[in-house]
Amino acid sequence: MSDTGPRRSHSFLFQFLQILYTVIYAAGDIAGGKDTGGTASTVDFSALVNNYVMACNAGVASAYGIVVGTGVGVEDNMNYALGTAIAHGVGAGQLQYEAHAWTAPAVVGANVDFEMRRTFTNGSGGSITVEEIAVYARTKKVTSVSTLFCILRDLTGGVAVADTYTLSVKYTLRTTV
């Protein structure tokens with residue numbers, strides 16, 4: 001077992017601010033970002049009100065929320081997807097995506113924190129090196145189709161997950177007074 005320790009995330013992406021702006025502006029559909037398939041998309045404000053805004057509460061095997069990959073492409077504000085996503089499963093090169101765990105926002109000293117966590121289990125029979133971590137948020141486009149937007153992406157520098165071992169990823173979102 002190894003622990004990489006805490007690392008600072010610094011890669012909130014354009015799509016995150018696009019969706020947040022749509023929610024705060026609250027006056028119509030906002031175009032501009034790409035979904036995880038690379039398609040320019042418009043976020044549907046009415047769908048946000050009546051459905052979900054930035055859903056990241058993925059269950060077991062779901063390919064949204066915290067996701068991992070093997071890509072090593074440079075971090076950039078306009079990234080819209082993992083370079084190479086690691087699929088859910090037990091086959092070669094796959095990890096088992098567990099359900100998310102959450103903590104509600106809470107005052108912690110001079111901070112307000114909330115955490116999102118996900119565990120990935122390697123049952124592939126071989127070691128897998130995770131090079132990138134992202135958060136995919138589920139929302140709706142003006143076509144009323146549910147789609148995924150990559151709102152955060154970080155490079156890990158390479159974290160090897162041996163067969164039968166797990167990788168736990170925790171993001172702490174924090175504001176400080």
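The values are calculated or read from the model by the stated rules, or taken from the named source; none is laboratory data. A quick note: this is a predicted structure, and the numbers were derived from the prediction, not measured. Positions of Cβ are backbone-derived with ideal geometry, glycine not excepted, and every protein chain shown enters the neighbour counts.
Does THR121 meet the test of being modelled with pLDDT of 95 or more, hydroxyl-bearing (Ser, Thr, Tyr) and within 15 Å of THR70 (Cα to Cα)? Criteria not met by THR121. Only one of the numbered conditions (1) within 21 Å of THR4 (Cβ to Cβ); (2) surrounded by fewer than 21 Cβ atoms within 10 Å (Cβ to Cβ); (3) hydrophobic (A, V, I, L, M, F, W, C) is not met by VAL177, and that is (1). Among the residues of segment 95-116, those identified as surrounded by 17 or more Cβ atoms within 10 Å (Cβ to Cβ) and free of Cβ contacts under 8 Å to residues at least 60 places away in the same chain are TYR97, GLU98, HIS100. In summary, ASP76 fulfils each of the numbered conditions (1) closer than 17 Å to VAL130 by Cα; (2) surrounded by fewer than 14 Cβ atoms within 10 Å (Cβ to Cβ) with the single exception of condition (1).
Scanning segment 135-162 for residues being at pLDDT 95 or above and part of a loop (DSSP other than H, G, I, E, B) gives a total of 1. At pLDDT 90 or above, in a strand (DSSP E or B) and under 14 Å from the mean Cα position of the chain (by Cα): is that true of ALA81 in this structure? When the stated conditions are applied, ALA81 does not pass them. Determine whether GLU132 is under 25 Å from THR39 (Cα atoms), modelled with pLDDT of 95 or more and not hydroxyl-bearing (Ser, Thr, Tyr). Yes; evaluated as a whole, the condition is true for this residue.
Would segment 19-42 turn up any residue that is modelled with pLDDT under 75, touching a Gly at 6+ places or on another chain (Cβ under 6 Å) and surrounded by 15 or more Cβ atoms within 10 Å (Cβ to Cβ)? The answer is no; no qualifying residue exists.
In segment 83-94, the residue that is surrounded by the most Cβ atoms within 10 Å (Cβ to Cβ) out of those that are among the β-branched types (Val, Ile, Thr) and closer than 26 Å to GLY73 by Cβ is ILE86.
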